[in-house]
Structures are given as structure tokens and as C-alpha cells.
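Peer 1: Sending over a structure as C-alpha cells; questions will come in a sec.
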Amino acid sequence: MKTMNVLNVLAFAAISLINILSTEVKAQDNFITNEEVKNNLVVSRTIYKQDGNYLHNHMRYEFSYDKQNRLISKTATKWDGTVDKWIPYFQMTYRYEGNEVIMSYARWNESRKTFSKDKKQTVYELDENNIPVACRQATETLALIGEHN
């Protein structure tokens, strides 16, 4: 139940990104956010942790959109300072069918080098303005794709 609530919040937050129209830098409790915008759509967001006068990489999100400017994927990476590179973390994908959006969430599986661990799917009903208004279904899709932890 708690996971479903977290997924609901994540989905609504991700879909609301479509409404962001300009690049901005924000400071919030020792974190600085920098967004890259192309064609009025946020294509990436990097979050830096502020330590005095220094900024350190923390998280990075990349967003993809379809031809109708609808969000179709959000990929998150975490900074690993021990190897000085971005490490995949999770991926959310969105599929639009009729008056529904189907959101899938997958964690990075290091051994398989793919987003497959803990895959979950949630179906949201959309209103006439394509805004999610109800969560219709949430399922774990591990059994469906034959994946095991």
C-alpha cells in the first residue's frame, strides 16, 4: 500500500513536469537544481548538493517526450563519487492508451545491466484535459516478464 502511494506521488510529479516552460536554478535545503529545456520541455534536471561554496553532483534525471509532447520516460541516475560517474538508478515509462496512461517503474539491475529489478505498473485514468484523476490498477509485473530478483 505504501509503495502504491509513493508511485502515485511520483507519477503525478513526473507528469506535472510537462508544465515547466523555462530553465531555472533553485536552491532548497542545500540542494541546487538545474534544468535544461528544449522546445519548452524539460529534457534534463541535475541536482547538486551544496557544501559551503562547492557543489557536488547528486542526482540526474533525463526526460523523453512523444510527438504530442507527452512525457514517455524519466530516467534517474545517482552520482558515485568513488568512480566519478553517473550510475543508473530507476526508469519510469509512460504509455498512453485512450483515456489511460500506463506507468511502469523499474529499478536498475546491475548484474543484467538493464532496468528490470522490482518492475511495477500502475494504470491511471485521464480526464478530458489528459490529467490523471484516478489510479485504476497497480501491479507487479515480475511474473509477467519472467523476471526474478
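Peer 1: How far apart, in nm, are two points set 7 Å out from the Cα along the Cα-to-Cβ line at GLU36 and at TYR54?
Peer 2: 2.5
Peer 1: Another question, if that's okay. At SER73 and ASP29, where each label point lies 7 Å from the Cα along Cα→Cβ, what is the point-to-point distance in nanometres?
Peer 2: 3.1
Peer 1: OK, next. Given a Förster radius of 35 Å and the C-beta distance between ASP84 and SER104 as r, what FRET efficiency does 1/(1 + (r/R0)^6) yield to the nearest 0.05?
Peer 2: My answer for the efficiency is 0.70.
Peer 1: Structure shown: which of LYS38/LYS85; LYS74/LYS113; LYS85/LYS113 lie over 19 Å apart, alpha-carbon to alpha-carbon?
Peer 2: Beyond 19 Å between Cα atoms: LYS38/LYS85.
Bear in mind that the values in this text are calculations on the coordinates, not laboratory data. Please read these numbers as outputs of a predicted model, since none were measured by experiment. As a convention, Cβ positions derive from the backbone with ideal geometry for all residues, glycine included, and neighbour counts pool all protein chains shown.
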